[in-house]
1. What percent of all Cα-Cα pairs in the protein assembly as shown falls into each 10 Å bin, going from 0 up to the bin containing the maximum distance?
2. Shielding of B:37-44 by partners, i.e. mean partner chain Cβ atoms within 10 Å per residue?
3. First compute the accessible area of the protein assembly as shown with a 1.4 Å probe, then give the percent of it belonging to carbon and sulfur atoms.
4. Nearest 20 debye, what's the magnitude of the dipole of the protein assembly as shown about its Cα centre given +1 on Lys and Arg Cβ and -1 on Asp and Glu Cβ?
5. Using each residue's phi in segment B:35-49, evaluate 6.51 cos²θ - 1.76 cosθ + 1.60 at θ = phi - 60° and report the 3J(HN,Hα) Karplus result to the nearest Hz, with x for Gly and Pro.
6. Would you compute, for the Cα atoms of segment A:60-112, the largest minus smallest coordinate along each principal axis and list the three values in descending order, in whole Å?
7. Per residue of A:41-54, what is the mean number of Cβ atoms on other protein chains within 10 angstrom of that residue's Cβ?
8. Just for the protein assembly as shown, what percent of DSSP beta bridges are antiparallel, to the closest 5?
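The values are calculated or read from the model by the stated rules, or taken from the named source; none is laboratory data. Small disclaimer: the values here were computed from a predicted structure and weren't measured. Positions of Cβ are backbone-derived with ideal geometry, glycine not excepted, and every protein chain shown enters the neighbour counts. These accessible areas exclude ligands, DNA and RNA; they are computed on the full protein's heavy atoms, side chains included. Shrake-Rupley method; radii C 1.70, N 1.55, O 1.52, S 1.80 Å.
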Amino acid sequence: EPEVTQTPSHQVTQMGQEVILRCVPISNHLYFYWYRQILGQKVEFLVSFYNNEISEKSEIFDDQFSVERPDGSNFTLKIRSTKLEDSAMYFCASKQWGGPTDTQYFGPGTRLTVL
Amino acid sequence: KQEVTQIPAALSVPEGENLVLNCSFTDSAIYNLQWFRQDPGKGLTSLLLIQSSQREQTSGRLNASLDKSSGRSTLYIAASQPGDSATYLCAVSYLLNRDDKIIFGKGTRLHILP
């Protein structure tokens, strides 16, 4: 069964460094998402992406964050200058086409630790 | 503000018992509702998806109901097993301009006692 994959599974970085989290969505999916989950907290929506542009973003998704689909398969989340509070699990998701019966398929997550 | 609340936060039951997890949401204009399972340190596994026009969905020992007007959903697990131990997340989807956004509850941490 097709699945969303994410790399790396765990990323450790120093505060102020740039990180890029990578996702490979399911191949025929058109909508892409990033969510984050701070330890012990809710999963929170960050951004959605369709047709090579951001569809929606939350207030969390400030100028430090950016997303890109650099080729036909990868979808990336970049954090320009990481802060301690960016430590969280980051989930990528993708969806085929939309409609109420469609569902977002989630990847296994990347655990980001900012020291 | 669109919020999703899950009660209880944690639940321990002996193996074999039936149980109900509760979810409530403040904005009833939902697109769909999903129940996810999350194992410790792991990703999200979709268990059941209920469209806004539906009242329930079943998969094996799991049954999810939806009452949009009252802003509630329940996840019923029959004949619980130790392997059911996990955190169960309720996630409500709302339509945006060109897409939908999922609002998650904080989850119910379920422990099935052997």
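1. Per 10 Å bin, starting at 0, the Cα pair percentages come out as 8, 33, 35, 19, 5, 0.
2. Mean number of neighbouring Cβ atoms from other chains: 5.
3. Roughly 47 percent, rounded to a whole number.
4. With only Lys, Arg, Asp and Glu charged at Cβ, the dipole is about 180 debye.
5. My calculation for segment B:35-49 gives 10, 10, 10, 10, 7, x, x, 10, x, 10, 10, 6, 9, 8, 10 Hz in order.
6. The Cα atoms of segment A:60-112 stretch 38, 23, 19 Å along their principal axes.
7. What the average comes to for A:41-54 is 3.
8. About 90 percent, rounded to the nearest 5.
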